[in-house]
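The values are calculated or read from the model by the stated rules, or taken from the named source; none is laboratory data. All values derive from a computational prediction rather than experimental measurement. As a convention, Cβ positions derive from the backbone with ideal geometry for all residues, glycine included, and neighbour counts pool all protein chains shown. These area figures cover heavy atoms from the full protein model, side chains too; ligands, DNA and RNA do not enter into them. Shrake-Rupley method; radii C 1.70, N 1.55, O 1.52, S 1.80 Å.
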Amino acid sequence: DSGVTQTPKHLITATGQRVTLRCSPRSGDLSVYWYQQSLDQGLQFLIQYYNGEERAKGNILERFSAQQFPDLHSELNLSSLELGDSALYFCASSARLAGDTGELFFGEGSRLTVL
Amino acid sequence: DAKTTQPTSMDCAEGRAANLPCNHSTISGNEYVYWYRQIHSQGPQYIIHGLKNNETNEMASLIITEDRKSSTLILPHATLRDTAVYYCIVLNQAGTALIFGKGTTLSVSS
């Protein structure tokens, strides 16, 4: 158990809909990262927050947005869903910024299926 | 961040050492080498990281060449549970996020 909690574990929805994925980082961790993993793309970095502030952006679509709240939990919002958004979405947390010899702790992921 | 090159797949017999190579010939002086693994659709798991010196922990050993252009992750006694995709990642200290490549699929068989 990494200590990172993601909900929901599974989600099935239709094209055009909007969903919210939630992540609770390990106690005390200030950084939260979101990754998307689909069969053909591998693990893609989406976005990183540190203590409520956006720190880095990867290949995140404009239809996707995220935020980190004062209690440090984070939400990833996916809107106008398309079939290609079907994927595993992982959240990870670390105590410090990833490059500061810290290690990332990943949750078990949220599996999104868009029909 | 420097690019890494890993073999697509490797096989290892249970109980033997698994040696997973990684090439990072463009690594710069302040970049660390990180290794993670992902066991079938689970969240990636941190294994080990290093800068210049060889490192060892309860999971594995990391051997970094003197010129730092390549490294090897060693699982000393591979078990079936070590079957996974292993990712070698080079990361600087600027606080950027880990960028995963395709990794090496290690298959451990009895």
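Legend: Rg and Dmax of the stretch B:1-55, from Cα coordinates, 13.1, 36 Å. Taking a ≥ b ≥ c as the square roots of the eigenvalues of the alpha carbon gyration tensor, the stretch A:26-91 is prolate, as a/c is not under 1.5 and a/b beats b/c.
Note on the protein assembly as shown: Cα convex hull, mean projected area over all directions, 12.1 nm².
Given a 1.4 Å probe, how much area per residue of chain B is accessible, in Å²?
About 50 Å² of surface per residue is accessible.
Per residue, the solvent-accessible area of chain A (1.4 Å probe, heavy atoms of protein chains only, all protein chains present) comes to 48 Å².
Tell me, which longest segment in chain B has none of the trypsin sites (Lys or Arg not before Pro) that fall in DSSP loops with at most 14 further Cβ atoms within 10 Å?
B:17-51
For residue B:25 and residue A:65, what is the calculated FRET efficiency with R₀ set at 41 Å and r taken between the beta-carbons, to the nearest 0.05?
Calculated value: 0.65.
Note on residue B:59: accessible area is roughly 60 Å² with a 1.4 Å probe, heavy atoms of protein only. Among the trypsin sites (Lys or Arg not before Pro) in the stretch A:1-95, those placed in a DSSP loop whose Cβ has at most 15 other Cβ atoms within 10 Å are A:9, A:18, A:63. Its relative contact order, with pairs defined as Cα atoms under 8 Å and 6+ residues apart, puts chain A at 37 percent.
Overall dimensions of the stretch B:9-110, expressed as equivalent-ellipsoid semi-axes from the Cα gyration tensor (√(5λ), whole Å, largest first), are 23, 15, 11.
Rolling a 1.4 Å probe over the protein heavy atoms of the stretch A:36-105, with every protein chain left in place, gives an accessible area that is 44 percent carbon and sulfur.
Residue-normalised convex hull volume from the C-alpha trace of the stretch B:29-68: 74 Å³ per residue.
Between the C-alpha center of the stretch A:1-29 and that of the stretch B:50-110 there is a gap of 28 Å. Would you mind estimating how fast chain A diffuses translationally, via Stokes-Einstein at 37 °C and 0.692 mPa s with the Kirkwood radius over Cα pairs, in µm²/s? Estimated diffusion coefficient is 235 µm²/s. Among the GluC sites (Glu not before Pro) found in the stretch B:5-107, those both in a DSSP coil and sparsely packed, with 12 or fewer other Cβ atoms within 10 Å of their Cβ, are B:58, B:66.
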